[in-house]
Amino acid sequence: MMKLVMKTAEELTELFRARGRKVTAQRQCIFRVLQGDVTHPTAEAVYERARAQIETISLKTVYQTLHELADLGQVDALDLGTGRIRFDPSVEAPHHHLVCRSCGEVRDLYADFSSVRVPAGKGSGFELGPAEVVFRGLCPECRVRERSDPGRAAPEDLGDGG
């Protein structure tokens, strides 16, 4: 498993200042909340964690800061079909994602899919960029929960690659 790579709260503070963006205690709190987070949090999850530190922080501030971080290439805003945009602070190394189809948990997957190509003539005229691969399955906790609930039909086991 590759180590999470992202800028520190201090580096993000300096980046904001260098780009002429306002640096507030609320934004620095958001930077700290994101640092080392591997859960791909929603804006609401970031807000709850930040509010535990600064009661007066607003959800609007969290959304604005997350979108500014995305504009600066410091987080990826991901629509992975979980019903909410998730924010991935690990942008330094290319990677893909695993998504639990039961609880919505998202984890990074470091694997090489560089050979994935759209066959000639099948791109519908699109100018194509990089591919993102999303695997859907069950996280370890949901696999245990579903196997222990005899009333539920057993889902197809997609395997864990190892």
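Scan the range 47-68 and give yes if some residue there is under 23 Å from Y110 (Cβ atoms) and crowded, with 17+ Cβ neighbours inside 10 Å, otherwise no.
No: the range 47-68 contains no residue that is under 23 Å from Y110 (Cβ atoms) and crowded, with 17+ Cβ neighbours inside 10 Å.
So which of E141, E105, E127 ends up being touching a residue at least 12 places away in the same chain (Cβ under 8 Å), farther than 28 Å from T8 by Cα, outside the structural domain of T13 (by TED's automatic domain parsing) and of a type outside the set (S, T, N, Q)?
Testing whether each residue is touching a residue at least 12 places away in the same chain (Cβ under 8 Å), farther than 28 Å from T8 by Cα, outside the structural domain of T13 (by TED's automatic domain parsing) and of a type outside the set (S, T, N, Q) leaves just E141.
Go through (1) touching a helix residue (DSSP H, G or I) at 6+ places or on another chain (Cβ under 8 Å); (2) surrounded by fewer than 17 Cβ atoms within 10 Å (Cβ to Cβ); (3) more than 30 Å from R136 (Cβ to Cβ); (4) in contact (Cβ under 8 Å) with a residue 40 or more places away in the chain and name the single condition L72 misses.
(3)
Name the residues in the range 98-137 that are among the acidic types (D, E) and either within 14 Å of G81 (Cα to Cα) or surrounded by fewer than 14 Cβ atoms within 10 Å (Cβ to Cβ) (or both), would you?
Of everything in the range 98-137, those that are among the acidic types (D, E) and either within 14 Å of G81 (Cα to Cα) or surrounded by fewer than 14 Cβ atoms within 10 Å (Cβ to Cβ) (or both) turn out to be E105, D112, E127, E132.
When you scan the range 1-59 for helices (runs of 4 or more DSSP H) that lie fully inside it, which ones turn up with 2 or more residues that are modelled with pLDDT of 95 or more and touching a Leu at 6+ places or on another chain (Cβ under 7 Å)?
Because the criterion is at least 2 residues that are modelled with pLDDT of 95 or more and touching a Leu at 6+ places or on another chain (Cβ under 7 Å), the helices (runs of 4 or more DSSP H) in the range 1-59 that meet it are 43-51.
Output yes when any residue across the range 29-44 is exposed (fewer than 15 other Cβ atoms within 10 Å of the Cβ), assigned by TED's automatic domain parsing to the domain that holds T13 and more than 20 Å from T8 (Cβ to Cβ), and no when none is.
yes
What are the residues in the range 77-91 that are in a loop (DSSP other than H, G, I, E, B) and touching a helix residue (DSSP H, G or I) at 6+ places or on another chain (Cβ under 6 Å), if any?
P89
Would you please list the contacts, defined by Cβ atoms under 8 Å and residues six or more apart or on different chains, that run from a residue in the range 46-60 that is in the same structural domain as V33 (by TED's automatic domain parsing) to a residue that is among the aromatic types (F, W, Y) and surrounded by 14 or more Cβ atoms within 10 Å (Cβ to Cβ)?
V46/F87; I57/Y47; L59/Y47
Could you count how many residues in the range 90-129 are under 21 Å from G73 (Cα atoms) and within 17 Å of the chain's Cα centre (by Cα)?
Matching residues across the range 90-129 total 13.
The values are calculated or read from the model by the stated rules, or taken from the named source; none is laboratory data. For clarity, every value in this text was computed on a predicted model and none was experimentally measured. Because the Cβ atoms are built from the backbone with ideal geometry, glycine has one as well, and the counts that use them run over all protein chains shown.
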